[in-house]
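Here's the structure we're looking at; comments come further down.
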Amino acid sequence: MSKVPKREEYLRKPEWLKISLRSTADTADVEQIVEGRCLHTICTSGMCPNKAECWSRRTATFMILGDICTRNCRFCATTTGRPLPPDVEEPKKVAESVRLMGLKHVVVTSVTRDDLPDHGAQIWAETVEAIRRENPDSTIELLISDMDARAELLDTVLASRPDIVGHNIETVERLTPEVRSRAKYRTSLQTLKHIADSGAVAKSGLMLGLGESEEEVLQTLKDLREVGVSIVTLGQYLRPTKEHYPVKAYITPEKFEEYRLKALEMGFAYCASAPLVRSSYLADAALEAVREVCRTK
C-alpha cells in the first residue's frame with residue numbers, strides 16, 4: 001500500500017509579524033505617481049509586508065526592466081515568464097517620479113533579464129544618470145541581479161556611479177539550489193566582490209526561516225564580509241503563496257538582534273536585522289554608515 005504524503009505542517013505567524021495595512025493620503029499619492037507613469041515597484045510585485053508603511057512615508061523601491069522575471073525562484077512572488085522589451089523611456093519616468101516624490105535616497109531594483117544580451121546593464125546605467133540629472137542631491141542605491149558575474153556588464157552599471165550597489169545572496173550556500181532559480185551562491189559572491197573592488201559600497205541581504213542553521217548564517221555573513229560587503233540586511237522569509245517554498249521557522253526578534261551584533265563585530269558598517277526587514281526597508285537609515293564607509297575607502 002502506498003504511503004499517503006504527510007500534510008505540510010502549518011506554522012502560525014507569531015505576534016511580532018503583525019503588520020499594518022493602513023492607507024494614507026501619501027500612500028495614494030505615491031500610487032498615483034507610480035501608476036501614472038506605468039512604472040513598477042518591488043513593493044507591489046514582491047508583495048512586500050512593509051508597502052503601506054513605506055508608501056505612507058512617501059518612499060518606494062522602483063523596479064525597472066518590466067515586471068516579468070526570467071528566473072523562477074521558489075521564494076519570490078514576482079511573475080515569471082517571457083518579458084516584454086525594455087521601455088527606453090523608463091529611466092526618464094523614474095527620474096521624474098523621484099523628483100515628484102521628493103526622495104533624498106532612491107532605491108532601484110529590477111527583475112532578472114537573462115534574455116537580454118547585456119542583462120539590462122545599459123538601462124541600469126541610463127536610469128542612474130537620469131536620476132542624477134533630475135535630482136542632483138539624491139543618493140542612489142541599486143539592487144541588481146548577478147549578471148552572471150560578467151565584469152563588463154557590472155562595469156557598465158558601476159560607471160554610472162551609484163552610491164550603493166546591492167545584490168542579495170538570499171540564503172545560505174546549502175539551500176541555494178533548492179530556493180533560487182539558476183543563481184549560484186559563488187556567482188553572487190563574485191558579483192559582490194567585483195562591486196566592492198570597484199570602490200562602490202557593496203550591500204547584500206538574506207532571508208531567514210528557510211531551514212538554515214545558525215552556523216550557516218554566520219558563515220554566510222563571513223563570506224559576505226570577506227568579499228568586501230559593507231552593508232547587510234537580514235529578515236524573516238514570508239511565504240507569498242502555498243506554491244512557494246515553505247517557511248521552516250519563524251526567527252525571534254531577539255535572535256535577529258543577536259545576528260545584528262555579530263555582523264557588526266565582523267566589521268560590517270551597517271546591519272539591519274529584524275523580522276520585517278527587507279533589503280530596501282528604511283534604506284535611508286544606512287546613509288550615515290554609507291558616508292563613513294565612503295570616507296574610509
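The values are calculated or read from the model by the stated rules, or taken from the named source; none is laboratory data. Since we're looking at a predicted model, the values are computed, not measured. Please note: Cβ atoms are built from the backbone with ideal geometry, for glycine as well, and neighbour counts cover all protein chains shown.
Suppose we filter THR112, THR127 for residues that are out of contact with any Asp or Glu (no Cβ under 6 Å at 6 or more places or on another chain), in a helix (DSSP H, G or I) and crowded, with 23+ Cβ neighbours inside 10 Å; which single one remains?
Numbers: THR112 fails: in a helix (DSSP H, G or I).
Residue meeting the stated conditions: THR127.
I need the full set of residues from segment 85-118 which are more than 19 Å from the chain's Cα centre (by Cα) and touching a residue at least 60 places away in the same chain (Cβ under 8 Å), in order please.
SER97, LEU100, MET101, listed by residue number.
Can you name the residue in segment 190-204 that is in contact (Cβ under 8 Å) with a residue 60 or more places away in the chain and over 14 Å from the mean Cα position of the chain (by Cα) and, of all such residues, is farthest from PHE268 (Cα to Cα)?
GLY199
Does VAL157 fit the bill of being surrounded by 24 or more Cβ atoms within 10 Å (Cβ to Cβ), within 17 Å of the chain's Cα centre (by Cα) and either under 18 Å from GLU212 (Cβ atoms) or modelled with pLDDT of 95 or more (or both)? Spell out the reasoning first.
On the way: surrounded by 24 or more Cβ atoms within 10 Å (Cβ to Cβ): yes; within 17 Å of the chain's Cα centre (by Cα): yes; either under 18 Å from GLU212 (Cβ atoms) or modelled with pLDDT of 95 or more (or both): yes.
Yes: the conditions hold for VAL157.
Of (1) surrounded by fewer than 19 Cβ atoms within 10 Å (Cβ to Cβ); (2) outside any helix (DSSP H, G or I); (3) modelled with pLDDT of 95 or more; (4) not aliphatic (A, V, I, L, M), GLU265 satisfies all except one. Which?
The failed condition is (2).
Looking only at segment 39-94, filter to residues that are farther than 20 Å from ILE131 by Cα, of a type in the set (Val, Ile, Thr) and assigned to a loop (DSSP other than H, G, I, E, B); which one of those is modelled with the lowest pLDDT?
THR78
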